[in-house]
Amino acid sequence: MSYLVTVTFDLKNAQSKDYDLVYKSFAALGLSKEAKGSDGKTYTLPNTTCLGEFTGASTSAVRDDLAKRTENAIAELGLTGEVFVVVGDDWRWALRFPKAYVAA
């Protein structure tokens, strides 16, 4: 079955180049900082958020696999931080760009 995986992460005491290295490592795992919408456009996700479509036996199995693989990817770069992994099996997504409300 196909699952959408959303990963967000935070690095401790990191520089912008460290984030670039994590994005590169995550891309090798099949996670991207961009998502293609149903309108055919490609959207850049918010900072430190990646998406990927994966197959597996269950949401739990895919979650456990990607949680470990993303954790290892960060550790292998000599970095520390935290990773949050969400897996869905009947998924849709939306991206919005809020604008501050200004009273008249």
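The values are calculated or read from the model by the stated rules, or taken from the named source; none is laboratory data. Worth saying up front: this structure is predicted, and the values here are computed from it rather than measured. Every residue, glycine as well, gets a Cβ built from its backbone with ideal geometry; the counts of neighbours run over all protein chains shown. Side chains are part of the model used for accessible areas, which takes the heavy atoms of the whole protein and leaves out ligands, DNA and RNA. Shrake-Rupley method; radii C 1.70, N 1.55, O 1.52, S 1.80 Å.
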Just checking, how many residues over the range 63-82 are in contact (Cβ under 8 Å) with a residue 24 or more places away in the chain and either among the acidic types (Asp, Glu) or more than 16 Å from Ser32 (Cβ to Cβ) (or both)? 8
Counted residues, the range 20-50 - those being open to solvent by less than 50 Å² (accessible area, probe 1.4 Å) and closer than 21 Å to Leu79 by Cα: 11
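Yes/no per residue for (1) at pLDDT below 95; (2) of a type in the set (Val, Ile, Thr); (3) under 14 Å from the mean Cα position of the chain (by Cα):
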position	(1), (2), (3)
Thr8	no, yes, yes
Lys24	no, no, yes
Asp39	yes, no, no
Cys50	no, no, yes
Leu66	no, no, yes
Glu82	no, no, yes
Arg96	yes, no, no
Tyr101	yes, no, no
Has the range 49-64 got at least one residue that is in contact with an Asp or Glu (Cβ under 6 Å, 6 or more places away or on another chain) and among the β-branched types (Val, Ile, Thr)? yes
Condition test on Arg92, is it open to solvent by 70 Å² or more (accessible area, probe 1.4 Å), among the basic types (Lys, Arg) and either within 13 Å of Glu53 (Cα to Cα) or in contact with a helix residue (DSSP H, G or I) (Cβ under 9 Å, 6 or more places away or on another chain) (or both)? yes
Which condition from (1) on the phi > 0 side of the Ramachandran plot; (2) in a strand (DSSP E or B) is the one that Asn13 breaks? (2)
Identity of the residue in the range 25-81, in a strand (DSSP E or B) and of a type in the set (Phe, Trp, Tyr), that ends up nearest to Ala14 (Cα to Cα): Tyr43
Restricting the range 62-82 to residues that are open to solvent by 50 Å² or more (accessible area, probe 1.4 Å) and among the aliphatic types (A, V, I, L, M), the one farthest from Ser16 (Cα to Cα) turns out to be Ala75
